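Here the structure comes first, spelled out in structure tokens, and everything after it is commentary.
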Ligand SMILES: *Cc1c(COP(=O)(O)O)cnc(C)c1O
């Protein structure tokens with residue numbers, strides 16, 4: 001018998017409750033609200049990908065795939081990295097397939113950090129980062145992204161101060177969720193220089209690599225493409241966002257052999273392998289012509305513009321989104337002071353669900369007045385949300 005009153009959870013995980021997305025999505029269902037909280041698309045990805053998955057399931061590819069991933073997916077990832085970013089990775093030893101970007105990030109941190117090592121990351125951060133760092137017994141060193149007129153930026157002095165003798169990793173997400181920021185070549189160069197100086201590894205979350213809008217300050221640039229960085233970078237992406245299949249959980253890691261084999265050693269004991277028949281289907285999707293990626297971006301950019309119009313008309317001060325599925329907005333003009341209170345009340349007030357960004361900061365004041373909306377939804381869903389938000 002266990003003692004029901006005792007918290008059975010290890011101390012290092014106790015600060016992490018239910019993810020805000022589960023909480024807000026449940027609230028959306030309970031109140032019949034339009035859910036612009038969680039960032040999942042409500043339409044399916046390319047038909048050729050779906051057909052390839054069905055064919056693989058019916059074609060007997062339902063057993064454990066090879067540990068590093070099926071060869072055709074590793075080859076497709078390699079070709080994609082070369083075609084889009086000019087980066088060469090050998091499918092045999094420099095690329096592994098993971099259970100989404102989430103497992104790739106967790107495996108990288110667990111593989112590379114000793115207890116007490118430090119991980120520099122920009123806040124607000126994707127919610128799995130802090131938990132994965134804590135599971136490794138590592139320590140996060142946040143650098144705050146602050147909203148200003150032109151979007152979001154960081155203080156270079158604060159970035160430098162976050163590095164020290166215990167720095168092992170920099171965890172970098174660009175294009176950045178939840179802010180929609182795309183790191184500029186100058187910012188990436190600053191980060192790269194500090195990685196060199198402190199002999200740190202960059203672990204990059206590039207799941208929105210194909211969602212940089214045409215009015216962004218700069219196109220997407222993997223930090224691995226900067227001089228000297230390929231040797232010290234684990235570049236992570238996944239199929240979920242680019243091919244509208246977030247439930248498939250197929251991700252990958254590209255990097256030099258020593259770093260990739262370290263991540264694989266951990267990964268094999270987390271999940272070993274996943275989603276065998278879906279892996280060849282993602283290979284088919286990655287081979288889509290450039291027109292797929294352009295149309296995907298243009299579609300999301302149009303949705304972003306429409307939602308921003310609606311949010312502005314409803315009274316929000318909309319912050320600039322250069323990429324991703326998301327736009328953030330300041331609630332101050334609507335009399336809001338606390339994003340959590342605001343988002344908990346929003347379903348009752350107008351039947352829309354958004355996510356408070358303050359839960360993604362260590363600095364509780366930095367994002368208190370900012371909330372995030374997802375625009376990766378069908379046009380009619382966005383229109384309905386706009387109509388409802390106009391009641392505010
Ligand atoms: C959605 C998301 C992920 C998760 O990717 P999966 O492939 O579903 O694990 C990771 N990082 C960011 C920034 C995301 O928005």
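Residues that are within 16 Å of the ligand (Cβ to nearest atom), touching a strand residue (DSSP E or B) at 6+ places or on another chain (Cβ under 9 Å), at pLDDT below 90 and outside any loop (DSSP other than H, G, I, E, B) do not occur anywhere in region 30-47.
Per the listing 203, 207, the residue uniquely part of a strand (DSSP E or B), within 16 Å of the ligand (Cβ to nearest atom) and within 15 Å of the chain's Cα centre (by Cα) is 203. The residue pairs whose first member lies in region 173-196 and is more than 28 Å from residue 358 (Cβ to Cβ) and without any contact (Cβ under 8 Å) to a residue 60 or more places away in the chain, whose second member is outside any loop (DSSP other than H, G, I, E, B) and within 16 Å of the ligand (Cβ to nearest atom), and whose beta carbons are closer than 8 Å, counting only pairs six or more residues apart or on different chains, are 192/202; 192/223; 195/170; 195/202.
Please verify whether residue 237 is within 16 Å of the ligand (Cβ to nearest atom) and surrounded by 24 or more Cβ atoms within 10 Å (Cβ to Cβ), treating the condition exactly as stated. Spelling it out, residue 237 is indeed within 16 Å of the ligand (Cβ to nearest atom) and surrounded by 24 or more Cβ atoms within 10 Å (Cβ to Cβ). Residue count for region 222-233 satisfying the condition of being within 21 Å of residue 181 (Cβ to Cβ) and either buried (at least 19 other Cβ atoms within 10 Å of the Cβ) or within 16 Å of the ligand (Cβ to nearest atom) (or both): 6.
The set of residues in region 1-23 being in contact with a helix residue (DSSP H, G or I) (Cβ under 7 Å, 6 or more places away or on another chain) and either at pLDDT 95 or above or assigned to a helix (DSSP H, G or I) (or both) consists of 12, 13, 20. The residue list 295, 285 contains one member that is free of Cβ contacts under 8 Å to residues at least 60 places away in the same chain, farther than 27 Å from residue 111 by Cβ and assigned to a helix (DSSP H, G or I), which is 295.
Taken over region 100-140, residues that are free of Cβ contacts under 8 Å to residues at least 40 places away in the same chain, away from the ligand (no atom under 15 Å from the Cβ) and surrounded by fewer than 20 Cβ atoms within 10 Å (Cβ to Cβ) amount to 2. For region 327-342, the count of residues that are closer than 21 Å to residue 41 by Cα, touching a residue at least 60 places away in the same chain (Cβ under 8 Å), out of contact with any helix residue (DSSP H, G or I) (no Cβ under 7 Å at 6 or more places or on another chain) and buried (at least 24 other Cβ atoms within 10 Å of the Cβ) is zero. Listed conditions (1) buried (at least 22 other Cβ atoms within 10 Å of the Cβ); (2) closer than 30 Å to residue 60 by Cβ; (3) under 21 Å from the mean Cα position of the chain (by Cα) are all met by residue 271, apart from (1).
Taking residue 127 as the residue in question, decide whether it is out of contact with any strand residue (DSSP E or B) (no Cβ under 6 Å at 6 or more places or on another chain) and modelled with pLDDT under 95. Yes.
Looking across region 240-265 at every residue that is away from the ligand (no atom under 16 Å from the Cβ) and part of a helix (DSSP H, G or I), the one that is surrounded by the most Cβ atoms within 10 Å (Cβ to Cβ) is identified as 260.
The values are calculated or read from the model by the stated rules, or taken from the named source; none is laboratory data. If you're wondering where the values come from, they're calculated on a predicted model, not measured in any experiment. Cβ: placed from backbone, ideal geometry, glycine included. Neighbour counts: every protein chain shown.
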